[in-house]
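Colleague: Here it is, the structure in full.
The values are calculated or read from the model by the stated rules, or taken from the named source; none is laboratory data. Just so you know, these numbers come straight off a predicted model, no measurement behind them. Methodologically, a virtual Cβ is constructed for each residue, glycine included, from the backbone with ideal geometry; neighbour enumeration extends over all protein chains shown. Side chains included, ligands, DNA and RNA excluded: accessible areas come from the protein's heavy atoms. Shrake-Rupley method; radii C 1.70, N 1.55, O 1.52, S 1.80 Å.
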Amino acid sequence: QVQLVESGGGLVQSGESLTLSCAVSGSIFDINAVAWYRQTPGKQRDLVAAITSGGNIKYTDSVKGRFTISRDYAKDTVYLQMNNLKPEDTAVYYCNAGWTELDYIYEYTYWGQGTQVTVSS
């Protein structure tokens, strides 16, 4: 079993930055891929960024050039550095991780509880 705990959310103004962290614990050898998703009320949860099982990095178009996903294996932590935040980035952000043999899969088994990011204009 794997546990994911997000932190780092908060309220910021447009143009500011935040870094989200996702602490991974438990059966960490059951993970070879990680991702960040976000969700707003009444909408589906959407992919923001992923590091695939093949080590490739994928971003949704709206965050390219502003967000950076990274993984610190020594600290068992996944990060999402978010720069130049916009009001449309406001959402609950979820950490997602798991094991897959397929490099083109971006949604995995385990989920965190989510952290709220609010960007004011």
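Colleague: In the stretch 41-52, how many are under 10 Å from the mean Cα position of the chain (by Cα), surrounded by fewer than 21 Cβ atoms within 10 Å (Cβ to Cβ) and touching a residue at least 40 places away in the same chain (Cβ under 8 Å)?
Modeller: Total satisfying the criteria: 1.
Colleague: Among what's in the stretch 58-83 and is in a strand (DSSP E or B) and of a type in the set (S, T, Y), pick the residue that is surrounded by the most Cβ atoms within 10 Å (Cβ to Cβ).
Modeller: In this case the residue turns out to be Y79.
Colleague: Is it the case, given these coordinates, that S25 is more than 14 Å from the chain's Cα centre (by Cα), touching a residue at least 40 places away in the same chain (Cβ under 8 Å) and closer than 19 Å to T90 by Cα?
Modeller: It is false that S25 is more than 14 Å from the chain's Cα centre (by Cα), touching a residue at least 40 places away in the same chain (Cβ under 8 Å) and closer than 19 Å to T90 by Cα.
Colleague: To continue, here is another question. How many residues does the stretch 20-30 hold that are among the hydrophobic types (A, V, I, L, M, F, W, C) and open to solvent by 10 Å² or more (accessible area, probe 1.4 Å)?
Modeller: Residues that pass the stated criteria total 4.
Colleague: A follow-up question, please. Residues to consider are G55, G114; find the one that is open to solvent by 20 Å² or more (accessible area, probe 1.4 Å), on the phi > 0 side of the Ramachandran plot and not charged (D, E, K, R).
Modeller: After ruling out the rest, the residue left standing is G55.
Colleague: Go through the stretch 50-74 and give me each residue that's basic (K, R) and under 19 Å from W99 (Cα atoms).
Modeller: Selection gives K58, R71.
Colleague: Determine the pairs where a residue that is farther than 17 Å from V63 by Cα, located within the stretch 1-22, has a partner that is of a type in the set (D, E) with Cβ atoms under 6 Å apart, the partner being 6 or more residues away or on another chain.
Modeller: V2/D30; C22/E6
Colleague: State which residue is nearest to G15 (Cα to Cα) when the search covers only the stretch 92-111 and only residues that are touching an Asp or Glu at 6+ places or on another chain (Cβ under 9 Å) and open to solvent by 50 Å² or more (accessible area, probe 1.4 Å).
Modeller: Among residues in the stretch 92-111 that are touching an Asp or Glu at 6+ places or on another chain (Cβ under 9 Å) and open to solvent by 50 Å² or more (accessible area, probe 1.4 Å), the one nearest to G15 (Cα to Cα) is T109.
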